[in-house]
1. Among TRP84, TRP32, which comes first, second and so on when ranked by fewest other beta-carbon atoms within 10 Å?
2. Which is the longest part of the chain that has none of the GluC sites (Glu not before Pro) sitting in a DSSP loop with at most 15 other Cβ atoms within 10 Å?
3. Any number yet on Rg/Rh for the stretch 77-168, C-alpha, Kirkwood?
4. Taking the simple approach of a point 7 Å from Cα along Cα-to-Cβ for both GLN140 and LYS11, what is their distance in nm?
5. Where does each of TYR20, TYR110, TYR135 land when they are ranked from fewest to most other beta-carbon atoms within 10 angstrom?
6. Which value, in debye to the nearest 20, describes the size of the charge dipole of the chain about its Cα centre when Lys and Arg Cβ atoms bear +1, Asp and Glu Cβ atoms bear -1, and nothing else is charged?
7. Rank-order 114-121, 55-62 by packing density, defined as the average count of other C-beta atoms within 10 Å over each peptide's residues, highest first.
8. Can you tell me how much longer the chain between SER158 and ARG102 gets when fully stretched, taken as 0.36 nm per residue apart minus their C-alpha distance, in nm with one decimal?
Amino acid sequence: MTAQNAKTPIKVRKLGHVVYEVSDVERSTEFWTRIMGFHVSDRNEGGMVFLHCAGDHHTIALVPTPDGKKPAKHQDGLLQIHHWAMEVDSMETLFAAREFVRSQGMELTYEGRRGPGSNPGIEFRDPDGYTIELYYGMDQMTEPGKSRPAEQWKRAESLEEACTNPVD
């Protein structure tokens, strides 16, 4: 990173969601629903399970490890998270954040809109290599188990495409 006292346009509204790898998606889904009281929002074609506890489409997402192996561990033996996400207040802030991150010499590892949750966002890594997602406009759950159908997901490869191809 450069320009240590550069004024950041990033204004985080809240910690949005955590995504992590699990060796048994069904076992972990049962834990989050039966023990923790979350509700399943969606499952995607890659086997991820998205769970919510309030309005946001997902608060926890579970990623199956390849071949059902135990999740990868850091060199100190601790499990790693896949990424953590924070919500910003507008698309304008998201565009400004993208330009700011780039101006600091940091590489974006993702931008656009994936499927479940329909939220546009950007991803980059912190100094230790953890993935950080900034996003805006996640679907809200008004009723447990009632999510946008998968055929209504509109993926986008950039923030510009997410704006020109909005989700209804």
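Every read-out reported here was derived from the displayed coordinates using simple, explicitly stated rules and does not represent laboratory data. These figures come from a predicted structure and were not determined experimentally. Cβ sites come from the backbone with ideal geometry, for glycine too, and all protein chains shown count toward neighbours.
1. Going from sparsest to densest Cβ surroundings: TRP84, TRP32.
2. 46-106
3. 1.00
4. It is 2.0 nm.
5. Listing TYR20, TYR110, TYR135 from fewest to most nearby Cβ atoms yields TYR110, TYR20, TYR135.
6. The calculation lands at about 280 debye.
7. Answer by packing, highest mean first, reads 114-121, 55-62.
8. Separation in residues times 0.36 nm, less the Cα-Cα distance, equals 18.7 nm.
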